[in-house]
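What follows is a single structure, written as structure tokens, with notes after it.
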Amino acid sequence: MYGKVVSACLHGVEGKMVEVEVDISNGLPQSQIVGLPDSAIKESMERVRAAIKNSGFTFPLQRITINLAPADVRKEGSAFDLAIVIAILATSGQLKADLYKDTIIIGELSLDGSVRPVPGVLSMLSTARAYGIAKAVIPLMNAEEASWLHGFELRPLSHVSQLAASGNGEPAGPVDSDHFYATAPTVSLPVLPHAPQPDYADVSGQQHVKRALTISAAGMHNVLLIGPPGTGKTMLAKRLPTIMPPMSEQESLDVTKVYSASGKFADRRTLVRERPFRMPHHTISAAGLIGGGTVPKPGEVSLAHRGVLFLDELPEFSRLALEVLRQPMEDRVVTIGRARAVYTFPSHFLLVSSMNPCPCGYWGSETDHQSCVCSPLKVAAYRSKISGPLLDRIDLHVEVPRIEYKQLESAQQQTASAEMRSRVEQAHAIQKERYARFGFTFNSELGGRLLREHVRLDKASAALLEMAFERLGLSVRAHDRILKIARTIADLDQQSDVRKEHVAEALQYRTLDKKMNPQQPSY
């Protein structure tokens, strides 16, 4: 007897379709799984045998061979348990096989037959939909996550015994999540007061930094904040998501898929609607930042997809961890190779970083009470921790100076996030319309021919940029990034042409491109 059902596993953050084939033949009772299964799948037969017996079905006392196809792709995880059970029961005649035709089956089992949730359901169902599959048998605890994909007929299960709900294994109609949730006991949780949302109105002064961060959010330009301790660098960075427009439906699905695949989605009950803000500690390893492991999982750059990755105290990160950022910052994907497979994770993030001007933090900002104790050699060694190629990929270098007491103003007089966000949304709308036929959205993604086409300089602007290119010793990459920043500034001003004043302002945000003498700091 032969039977087959469809299941899926995770391959990075994407789902991969797998056919679960079962052959039951006469012979000594034994079970074997083939098709490059990992340890969790090899152990599944013990869970399957106990779950079938404890759910009122009969486990066939015959020779059972289970193949996971394609056989040359390694399979990981416990998501095949429920598919194996249904395949065995359908092949042995205990369930109607036709009910599970063109149906994806996902779920882990307990020994008593309970169906446990698995990570990555959203990714696996997205792949199934691309293959034309519109029905799914899934764990009850994954039902709400699965319901965000429209067009699926869902059959959530909490126990294997529900497969025989209406005779001969036929479920009592399409089972929806509301039916099962209605039978679950409800628990009243105390309503906690909401903490006030962060706002740029909380930040006193630093108007030019707020302007730079508005440009950063408007064009998705990477930014580096440089200044002495206590000037508000971290405070400014943490408020950046408050001025970024809400994510589209597709962006929310993409981000939710990453969190689901990484196992960080257990406590959520909705799609990820807020742009992610990730702030890893400087002791993080390269694998933690970029992703990796025996079975590669998403790193911080992927968890920050469509959001903000904030690296506080940038020179304190290891050189290796910083250098692995270069490829995902350019390509907006992370590619991790292993002996048997190559994994790709999305990493379209906005990098925000901060640093002190020197190890002690006060170089260039000395007062009567605080003076720098670092030698020029120490200052040079501190800055050399950030390589030139990485620095080239950061569009905006913004000085965050110390604020004098007389500069402190009341919160009512400060630029608020709502005002900044309004300008950012207008710039996003302009870019979305301009690049609609090119498959991208932001000025930071411009390059090559399109950059020259959409950023055309008049003679005065070109002369200014040429002079800066020669005097500052800019690289070609830095030159192109200045053009992108100028394009974003023009969009914020709602100007169709890039003018000289836009180029001049863009040049001001390239502080670390200047050939500075440590004896003569510029901030």
Looking at the structure I just gave you, is residue 367 loosely packed, with under 14 Cβ neighbours inside 10 Å, of a type in the set (Val, Ile, Thr) and closer than 20 Å to residue 262 by Cα? no
Quick check on the stretch 28-43. Is at least one of its residues more than 30 Å from residue 264 (Cβ to Cβ) and out of contact with any Lys or Arg (no Cβ under 9 Å at 6 or more places or on another chain)? yes
Could you check the stretch 20-55 and list, in sequence order, the residues that are aliphatic (A, V, I, L, M) and more than 39 Å from the chain's Cα centre (by Cα)? 24, 28
Please work out which residue is nearest to residue 102 (Cα to Cα), limiting yourself to the stretch 5-37 and to residues that are part of a loop (DSSP other than H, G, I, E, B) and not β-branched (Val, Ile, Thr). 35
From the set of residues in the stretch 204-241 that are buried (at least 22 other Cβ atoms within 10 Å of the Cβ) and among the β-branched types (Val, Ile, Thr), which is modelled with the lowest pLDDT? 231
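Return the residue satisfying two criteria in turn: it lies in the stretch 267-285 and is in contact with a Ser or Thr (Cβ under 7 Å, 6 or more places away or on another chain) and surrounded by fewer than 22 Cβ atoms within 10 Å (Cβ to Cβ), and of such residues it is modelled with the lowest pLDDT.
Looking only at the stretch 267-285, we keep the residues that are in contact with a Ser or Thr (Cβ under 7 Å, 6 or more places away or on another chain), and these are 271-273.
Checking the rest, the ones that are also surrounded by fewer than 22 Cβ atoms within 10 Å (Cβ to Cβ) come to 271, 273.
Values: 271: 81, 273: 86.
Here the answer is 271.
Check 256, 242, 283, 234 and return the single one that is in a loop (DSSP other than H, G, I, E, B) and either among the β-branched types (Val, Ile, Thr) or out of contact with any Asp or Glu (no Cβ under 9 Å at 6 or more places or on another chain) (or both). So that I can check it myself, show each step before the final result.
Values: 256 fails: in a loop (DSSP other than H, G, I, E, B); 242 fails: in a loop (DSSP other than H, G, I, E, B); 234 fails: in a loop (DSSP other than H, G, I, E, B).
After applying the criteria, what remains is 283.
Pick from 240, 236, 225: which is out of contact with any Pro (no Cβ under 9 Å at 6 or more places or on another chain) and within 21 Å of residue 359 (Cβ to Cβ)? Explain how you work it out, then say what you get.
Values: 240 fails: within 21 Å of residue 359 (Cβ to Cβ); 236 fails: within 21 Å of residue 359 (Cβ to Cβ).
The match here is 225.
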Identify, from the list 109, 82, the residue that is in contact (Cβ under 8 Å) with a residue 12 or more places away in the chain, touching a Gly at 6+ places or on another chain (Cβ under 6 Å), farther than 23 Å from residue 342 by Cα and buried (at least 21 other Cβ atoms within 10 Å of the Cβ). 82
How do the pairs read when you match residues in the stretch 214-233 that are closer than 21 Å to residue 427 by Cα with residues anywhere that are part of a strand (DSSP E or B) and of a type in the set (Gly, Ala, Ser), using Cβ under 9 Å and keeping only pairs 6 or more apart or on different chains? 222/353; 223/353
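Need a quick list: helices (runs of 4 or more DSSP H) entirely within the stretch 356-453 having at least 3 residues that are in the same structural domain as residue 491 (by TED's automatic domain parsing) and without any contact (Cβ under 8 Å) to a residue 40 or more places away in the chain.
Values: elements: 376-383, 388-392, 417-434.
In the stretch 356-453, the matching helices (runs of 4 or more DSSP H) lie at 376-383, 417-434.
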Being part of a helix (DSSP H, G or I) and under 30 Å from residue 253 (Cα atoms) narrows 40, 51 down to just 40
If a residue has to be buried (at least 20 other Cβ atoms within 10 Å of the Cβ) and either free of Cβ contacts under 8 Å to residues at least 60 places away in the same chain or closer than 22 Å to residue 101 by Cα (or both) to count, how many in the stretch 46-58 make the cut? 3
Can you tell me which residues in the stretch 94-114 are over 29 Å from the mean Cα position of the chain (by Cα) and of a type in the set (Asp, Glu)? 98, 102, 112
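Any residue at all in the stretch 342-351 that is in contact with a helix residue (DSSP H, G or I) (Cβ under 8 Å, 6 or more places away or on another chain), surrounded by 13 or more Cβ atoms within 10 Å (Cβ to Cβ) and of a type in the set (S, T, N, Q)?
The first filter runs over the stretch 342-351 and keeps only residues in contact with a helix residue (DSSP H, G or I) (Cβ under 8 Å, 6 or more places away or on another chain), leaving 345-347, 349-351.
Then keep just the ones that are surrounded by 13 or more Cβ atoms within 10 Å (Cβ to Cβ); that gives 345-347, 349-351.
Next cut, of a type in the set (S, T, N, Q) only: 347.
Taking every residue of the stretch 342-351 in turn, at least one turns out to be in contact with a helix residue (DSSP H, G or I) (Cβ under 8 Å, 6 or more places away or on another chain), surrounded by 13 or more Cβ atoms within 10 Å (Cβ to Cβ) and of a type in the set (S, T, N, Q).
This table checks each residue for (1) surrounded by fewer than 24 Cβ atoms within 10 Å (Cβ to Cβ); (2) within 26 Å of the chain's Cα centre (by Cα); (3) of a type in the set (Phe, Trp, Tyr).
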{"position": "68", "(1), (2), (3)": "yes, no, no"}
{"position": "78", "(1), (2), (3)": "yes, yes, no"}
{"position": "86", "(1), (2), (3)": "no, no, no"}
{"position": "92", "(1), (2), (3)": "yes, no, no"}
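Considering each residue of the stretch 335-355, count those that are under 21 Å from residue 75 (Cα atoms), in contact with a Pro (Cβ under 8 Å, 6 or more places away or on another chain) and part of a strand (DSSP E or B), and give that number.
Step one: filter the stretch 335-355 for residues under 21 Å from residue 75 (Cα atoms), giving 335-345.
Those still in the list that are in contact with a Pro (Cβ under 8 Å, 6 or more places away or on another chain) too: 336, 338, 343, 345.
Subsequent filtering for residues that are part of a strand (DSSP E or B) retains 336, 343, 345.
Qualifying residue count, the stretch 335-355: 3.
The values are calculated or read from the model by the stated rules, or taken from the named source; none is laboratory data. Nothing here was measured: the structure is a model prediction, and the numbers come from that model. Methodologically, a virtual Cβ is constructed for each residue, glycine included, from the backbone with ideal geometry; neighbour enumeration extends over all protein chains shown.
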